[in-house]
């Protein structure tokens, strides 16, 4: 099969994006599609949509907490709540762009698993840098990169580009111009790629 | 199999609830579960959650419109946008409680199909009453019922009860104490009933 890549948009503080990250590579492989890894800042989307973290919204909070844990169990994905939630993920997201496309998948797994499989606090700089170092980055260079104006601008630009592309939440997938929002649209995405759409 | 009923919470102005309504009876039948039909006023939930109609939210509007049509096509469910959207569904919801449990399913199908399969304007009293009459209700009695203080109170009470039960959007399903929110949780609901949960 051939076709364009699947662009995977995600925010490190999103539990559903974490769950999606553990499933997207197998899905892309099944259909012979490449993956493009695009962390972005969900807070910038919230400014447009007026939404906020699910776990801070009356009525939705209880449901979302339960649904996240249930969805992880369904897919046999380990799940722990980080000590702070939601957390500021800007430094981690910057490092993915700094590390480059080749290292993006492994670095993404490393950050997501630290936060949601082991329940570590990625908002804490020391913790985040230790995860980056364990994933193969030079710690000192990585620390500097999180403050580099060019890297900062890159993440801001990528977030703007995501908004321009219609990204309205996380996780979000775009393939052959077709958008899919949510961990719970991955079955539909799978079916879309299988059938060529409907 | 035995077990408690599936309570189906819905708002007549919700396209996803319409799609769910066309699929829920087959799902319940597969698992030998009864259905309890509970229309409610989504606007009352929005007051708690701060959410609003998807089609009025920047970024989400375009996506939601596309996703609704795509989801209907996937399930071979006819779909047309009503002339006003969202629309006030309070009178239709009141009539479901007035008509009683036995007539609730057919009346629900009649209202949803008028709005979303034929694109009729249920907010218009004449249209709504014509649909109710075609579904077997006495038109004069139905018209009076929409203004009956007891029926009004019933819908308000049912909406409050839905909020108490944790309903945070539409459609919403509750079975054996387990909540499922969204047309896109019906596969998980199906799997939950099949396996007894996980």
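Quick note: the coordinates plus some simple rules give every number you see, no bench work behind them. If you're wondering where the values come from, they're calculated on a predicted model, not measured in any experiment. Here Cβ is always computed from backbone atoms with ideal geometry, including for glycine, and neighbour counts include all displayed protein chains.
The sum of -39500 (n - 2.57) across all DSSP H runs of n ≥ 4, divided by the residue count of chain A, sets its helix-only mean residue ellipticity at 222 nm to -15500 deg cm²/dmol.
In terms of surrounding Cβ atoms within a 10 Å radius of their Cβ, A:108, A:146 rank from fewest to most as A:146, A:108.
Placing R0 at 45 angstrom, the Cβ-Cβ distance between residue A:156 and residue A:69 gives a FRET efficiency of 0.85 after rounding to 0.05.
When residue B:176 is represented by a point 7 angstrom out along its Cα-to-C-beta vector, the spacings to that point in the other copies are 3.9 nm, nearest first.
With contacts taken as Cα pairs under 8 Å and at least 6 residues apart, chain A reaches a relative contact order of 30 percent. Label-to-label distances for residue A:102 across copies, nearest first, come out at 7.4 nm, using points 7 Å from Cα in the beta-carbon direction.
Need one word for segment A:6-195: rounded, prolate or oblate. Basis is the Cα gyration tensor (sqrt eigenvalues a ≥ b ≥ c); a/c below 1.5 gives rounded, then a/b vs b/c decides. Here segment A:6-195 falls in the rounded category. In nm, what does the list of distances from residue A:52 to its counterparts in the other copies look like, shortest first, when each label sits 7 Å along Cα to Cβ? From this label point to the equivalent ones elsewhere in the assembly: 1.6 nm.
The rotation axis bringing chain A onto chain B passes closest to the chain A residue reported with its distance as A:184, 2, by C-beta distance in whole Å. Expressed to the nearest 5 percent, the antiparallel share of DSSP beta bridges inside chain A is 60 percent. Subtracting the Cα-Cα distance of residue A:198 and residue A:109 from their residue separation scaled by 0.36 nm leaves 28.8 nm. Take the Cβ atoms of residue A:133 and residue A:31, set R0 to 45 Å, and the FRET efficiency comes out at 0.85. Among B:25, B:11, sorting on how many other beta-carbon atoms sit within 10 Å of each Cβ, with the fewest leading, yields B:25, B:11.
Using 0.36 nm per residue and subtracting the Cα-Cα separation, the extra length available between residue A:76 and residue A:23 on full extension is 18.0 nm.
Taking a ≥ b ≥ c as the square roots of the Cα gyration tensor eigenvalues, with a/c under 1.5 meaning rounded and otherwise prolate when a/b beats b/c, else oblate, which class fits segment B:64-113? Oblate.
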